Amino acid sequence: MTDALSCAPTLRLARPDDTAALNAVLWATYDSTWKPQLTADKHAQFCASGKTAQYVQSRGHLFWVAECGGVVAGFVDWVDDFIGALHVLPAWQGRGVGRALLAHAEQALRAAGHAQVRLETDSFNTQALGFYTAQGYATLDTYPDEEWDCGLTTVLMGKPLA
């Protein structure tokens, strides 16, 4: 019997019927990563803002999705040479889904003629920092995280695509 969480992800463009699954991925990663770092007020503001649904509505059709056994396990989104989002359901983390999505984005950026790829994470997110470092990314800069206005520090990372 095979483990339900072990499969090579199938990568594809998001479809309109993925909207609920994409929102679920964002909320799951928010709950496991960001929510514990925020004040109750910032958490309430974020929940009330509707940013997650707005993001999926405006850019979801551009997301590349990793699907495993019919489950949307994660997605990646980029603009120019900047990966704006790479989210993987917590149950699928550490199973190659993030690596497959990142490699796909890097290949697409390289094919588009970009010499480098950049992305951001936060200094508290040691899991993401370790993941990106293992994939060849290096810290380019750090600065206050203005999105959350909670004293967090954003880490800008980059990797040459030669």
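Farthest towards the positive end of the charge dipole of the range 10-114, among the residues Cys47, Cys68, Thr19, is the Cα of Cys68, using unit charges on the Cβ of Lys, Arg, Asp and Glu.
Please compute the net charge surrounding Ala21, taking Lys and Arg as +1 and Asp and Glu as -1 over other residues with Cβ under 12 Å from its Cβ. Can you show the working numbers first?
Working: positive: Arg15; negative: Asp17, Asp18, Glu67.
Result for the neighbourhood of Ala21: -2.
With a ≥ b ≥ c taken as the square roots of the eigenvalues of the C-alpha gyration tensor of the range 27-66, please select rounded if a/c is under 1.5 and otherwise prolate if a/b is larger than b/c or oblate if it is not?
Details: a/c = 4.34, a/b = 1.70, b/c = 2.56.
Here the range 27-66 falls in the oblate category.
Each Lys or Arg adds one and each Asp or Glu takes one away; over the other residues whose Cβ falls under 12 Å from the Cβ of Asp122, this sums to -4. Amide H contacts under 5 Å for Gln116: Leu161, restricted to partners 5 or more places along the chain or on a different chain, H placed in the peptide plane at 1.01 Å from N.
Dipole of the chain, Cα-centred, from +1 at each Lys and Arg C-beta and -1 at each Asp and Glu C-beta, to the nearest 20 debye? Can you show the working numbers first?
Working: 11 positive and 17 negative charges, 86 e Å.
That gives a dipole near 420 debye.
Each Lys or Arg adds one and each Asp or Glu takes one away; over the other residues whose Cβ falls under 12 Å from the Cβ of Ala108, this sums to -3. Rounded, prolate or oblate, given the Cα gyration tensor of the chain, with a/c below 1.5 counting as rounded? Rounded is the answer for the chain, as its axis ratio a/c remains below 1.5.
Read-outs throughout are calculated quantities, based only on the coordinates presented, and are distinct from any laboratory measurement. Note that this is a predicted model, so its numbers are computed, not measured. Note: ideal-geometry Cβ built from the backbone for every residue, glycine included; neighbour counts use all protein chains shown.
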